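Structure, as structure tokens:
The values are calculated or read from the model by the stated rules, or taken from the named source; none is laboratory data. Treat the numbers as computed from the prediction; the structure is a model and nothing was measured. Every residue, glycine as well, gets a Cβ built from its backbone with ideal geometry; the counts of neighbours run over all protein chains shown.
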Amino acid sequence: MTRTRRPASRTAGSAEPESRADKKNRTRQALLDTTLELVGDRSFASISLREVARGAGIVPTAFYRHFASMEDLGVTLVEDSMRILRRTLRDGRRDLAARQALPTAKASLDILLAHVDEHRAAFRFLVREQHGGVAEIRRAIDTELRLFSRELAIDISRLPALADWHAEDLELAADLIVTIMLTAVADLLDGEYRGRQAEQEIVERAQRQLAMVFLGMGQWRPTDS
């Protein structure tokens with residue numbers, strides 16, 4: 001049975017009453033959190049607006065004060081999850097830059113896996129819905145992954161050995177790296193029951209794959225357009 005999520009109320013004697021905007025934001029977040037709970041072992045297409053509203057502690061008609069449709073809610077969940085991930089990766093790369101360490105795909109993989117460990121429900125949703133039945137959500141995930149790849153392409157363009165590479169080649173290499181990362185994430189989420197040894201094997205395989213990509217990049221000679 002799905003636990004009903006009731007928006008928390010202010011305690012008696014609070015210094016300030018909750019504003020309408022704060023209440024709206026809290027209810028909106030409750031709808032997003034409830035959706036992640038519901039899709040823990042189900043597809044997004046299988047859940048209903050009524051279930052989401054009930055879990056957030058509101059009536060179904062109040063749902064439309066926050067989202068235009070279930071598809072809109074799903075797209076927002078994708079955008080919020082990926083926005084946090086991209087910000088986390090950017091912060092990690094800034095930290096490397098501050099220590100005068102060049103950002104690498106392995107560094108990004110380490111940051112990604114740490115982030116996945118903290119936000120498993122969101123990534124389980126993204127992995128499942130990347131090829132799911134709701135077209136709007138698939139398109140949103142595809143758009144966010146392209147942004148992810150472009151930011152990584154900017155990172156690897158700073159490598160001295162790649163200074164002469166064309167933008168198209170950099171983006172292709174970034175796409176390969178992102179694919180390896182996402183495959184590792186999917187394998188980790190799918191194989192949670194296998195234990196720490198299996199997890200370590202998945203991570204090590206991804207690291208070897210990334211090393212092979214970089215070795216291949218070192219031999220690639222960009223051609224003139």
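Just a few scattered comments:
- Single match in A114, A153 (criterion: among the aliphatic types (A, V, I, L, M) and buried (at least 16 other Cβ atoms within 10 Å of the Cβ)): A153
- Close pairs (6 angstrom Cβ cut-off, 6 or more residues apart or separate chains): assigned to a helix (DSSP H, G or I) and among the hydroxyl-bearing types (S, T, Y) in region 134-154, surrounded by fewer than 16 Cβ atoms within 10 Å (Cβ to Cβ) and modelled with pLDDT of 90 or more anywhere: none
- Residue match in region 171-181 (condition: charged (D, E, K, R) and under 19 Å from the mean Cα position of the chain (by Cα)): yes
- The set of residues in region 54-75 being under 26 Å from the mean Cα position of the chain (by Cα), buried (at least 16 other Cβ atoms within 10 Å of the Cβ) and aliphatic (A, V, I, L, M) consists of A56, M70, L73, V75.
- Among the residues listed as D164, D169, the single one being more than 19 Å from D72 (Cβ to Cβ), surrounded by 15 or more Cβ atoms within 10 Å (Cβ to Cβ) and either of a type outside the set (S, T, Y) or touching a residue at least 12 places away in the same chain (Cβ under 8 Å) (or both): D169
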